[in-house]
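Comments concern the structure below.
The values are calculated or read from the model by the stated rules, or taken from the named source; none is laboratory data. Predicted, not measured: the structure shown is a model, and the values here were computed from it. We place every Cβ from the backbone using ideal geometry, glycine too, and count neighbours over all the protein chains shown.
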Amino acid sequence: MLRNVFLALITLVIAFGGGTLSAWYVVTRFDGFGALSIGQWTSHPEAGTPFSDPYAKARAAREGAFPLGSTEGLAFYAYNDDQGRTLDRQCSYKIEGNSPNSRFWTLYATDRRLTALSPGTDRLPAIHSRQIFRKEDGAFMVSVSPKAQPGNWLATTGTGRMVLVMTLYDTPVGSNSGLVDMKFPAVTRISCDG
Amino acid sequence: MGKLLRALLFSLVGAGLVHIAVVLLVPYYSDRNAWSRISAYGGDWQFHTVAREGTPGNVPLAIDPLFQAAACRFDITDLPAHITGVGTTPYWSISIYNRQGENIYSINDRTAIADQLDLVVATPLQMIELNKTKPAAAENSVLIEADMDEGFVVVRSFVPDDSWRSQVNAFLKSTSCTPLL
């Protein structure tokens, strides 16, 4: 008798505990299905629209963000460098290559909740495609580092993981016409201070 | 042994059911979604500056640091919403969201008529009326049909550097969001 009660209790605890914990974990960590990945950059063109899946909907309801519409722009996130290591705010990276077709783009570093890092006074919180130096062929190189760098420098600050966000504005990338040249810059680690 | 296995099986199935129920219910019971963020800014039918830091109970907003935004919430059950703005900025865009914070329509300055922010959000029924007789105030507006009651719009503008800040702020200040009579 006591054994049956005990088994029933265990069952209930696992069902509710496991169900709630796994749901919480997925809602805080998982971005939803339908990711568009190019190199190290990932995007969710359907996130924040009525066509997104239940996980993306649950996550959006917890973040309370105002997702960009398809004619506004599309944000791409880089969590790792080209070796698959997670991005660290104390390390220096270079972002080199070309960008897909768009009117302009912005690039900034965020924490894991995608809130932009503030690099301190008199430092730019983000860089954009209309202010950077380019090579003769139109390619560019951006240094992401906590220390001052020559050329295009995106300052970072603090410790811990970071996420790089490149948002393309007024871009045809999200539409699946297949006519878009998907060139994305590569993220390479140069050195680490820690 | 058989009893233990059966209990384990039941608990796994139960965990699956609870998981699905929680994920599906979160959008309806979340108190820190986009709607609660926007309600904390102030009353409806007027534009409020979108703040980066989180209001109490809300996490900081994930928004591009080079953008300034303003938001207005409305209810188009009785009257359509008329959204206007005057000014020149390097880039602006506007999104219409439903009560759940889902982006249902967006335009940018190039897709707008004559680069001017002037649009009307109406329910399908109001749209029939608007197509019959367009009010003089909405003569050049972009008409958007949205099958919803409560919703909100977010206007955002690019600030390439600080020299543009005053002009972008003037544009966002000029935005208005009124019921179309």
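Key figures
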item: Looking only at the range A:142-151, and only at residues there that are buried (at least 16 other Cβ atoms within 10 Å of the Cβ) and not hydroxyl-bearing (Ser, Thr, Tyr), the one that is farthest from the other protein chains (Cβ to nearest Cβ); result: A:Gln149
item: The range A:14-42: number of residues that are facing another protein chain (nearest Cβ under 8 Å), among the aliphatic types (A, V, I, L, M) and either more than 27 Å from the chain's Cα centre (by Cα) or closer than 25 Å to A:Leu168 by Cβ (or both); result: 2
item: Selected residue (criterion: farthest from A:Leu168 (Cα to Cα)) from residues of the range B:45-84 that are part of a strand (DSSP E or B) and among the charged types (D, E, K, R); result: B:Asp75
item: Selection count, the range B:93-125, where residues are surrounded by 20 or more Cβ atoms within 10 Å (Cβ to Cβ) and more than 15 Å from the chain's Cα centre (by Cα); result: 2
item: Test: residue in the range A:43-64 that is away from chain B (no Cβ under 14 Å), touching a strand residue (DSSP E or B) at 6+ places or on another chain (Cβ under 7 Å), surrounded by fewer than 17 Cβ atoms within 10 Å (Cβ to Cβ) and not in a strand (DSSP E or B); result: no
item: Looking only at the range B:1-44, and only at residues there that are assigned to a loop (DSSP other than H, G, I, E, B) and facing chain A (nearest Cβ under 7 Å), the one that is farthest from A:Ala65 (Cα to Cα); result: B:Ser30
item: All positions within the range B:162-181 that are loosely packed, with under 12 Cβ neighbours inside 10 Å and over 16 Å from B:Leu79 (Cβ atoms); result: B:Asp162, B:Ser163, B:Ser166
item: Residue tally, condition within 13 Å of chain A (Cβ to nearest Cβ) and outside any strand (DSSP E or B), over the range B:85-114; result: 11
item: Unmet requirement for A:Gly120, which otherwise passes all of (1) under 19 Å from A:Asp193 (Cβ atoms); (2) in contact with a Phe, Trp or Tyr (Cβ under 9 Å, 6 or more places away or on another chain); result: (2)
item: Subset of the range A:1-34 (residues that are at positive phi and buried (at least 16 other Cβ atoms within 10 Å of the Cβ)); result: A:Gly32
item: Near pairs, Cβ below 9 angstrom, 6+ apart or cross-chain, from the range B:105-129 (without any contact (Cβ under 8 Å) to a residue 12 or more places away in the chain) to any residue that is β-branched (Val, Ile, Thr); result: B:Arg110/A:Thr71; B:Thr111/A:Thr71; B:Thr111/B:Val142
item: Residue match in the range A:69-88 (condition: modelled with pLDDT under 85, more than 7 Å from chain B (Cβ to nearest Cβ) and at negative phi); result: no
item: Residue match in the range A:101-108 (condition: within 8 Å of another protein chain (Cβ to nearest Cβ) and farther than 26 Å from A:Met182 by Cβ); result: no
item: The listed residue being away from chain B (no Cβ under 11 Å), closer than 22 Å to B:Phe158 by Cα, in contact (Cβ under 8 Å) with a residue 40 or more places away in the chain and touching a strand residue (DSSP E or B) at 6+ places or on another chain (Cβ under 6 Å), out of A:Val163, A:Val173, A:Val187; result: A:Val173
item: Pick from the range B:25-41, criterion among the aliphatic types (A, V, I, L, M) and buried (at least 21 other Cβ atoms within 10 Å of the Cβ), ranking: farthest from B:Phe152 (Cα to Cα); result: B:Val26
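Residue-by-condition table, conditions (1) in a strand (DSSP E or B); (2) modelled with pLDDT of 90 or more:
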site: B:Val121; (1), (2): yes, yes
site: B:Leu125; (1), (2): no, yes
site: B:Leu130; (1), (2): no, no
site: B:Lys134; (1), (2): no, no
site: B:Asn140; (1), (2): no, no
site: B:Phe152; (1), (2): yes, yes
site: B:Arg156; (1), (2): yes, yes
site: B:Val168; (1), (2): no, yes
site: B:Phe171; (1), (2): no, yes
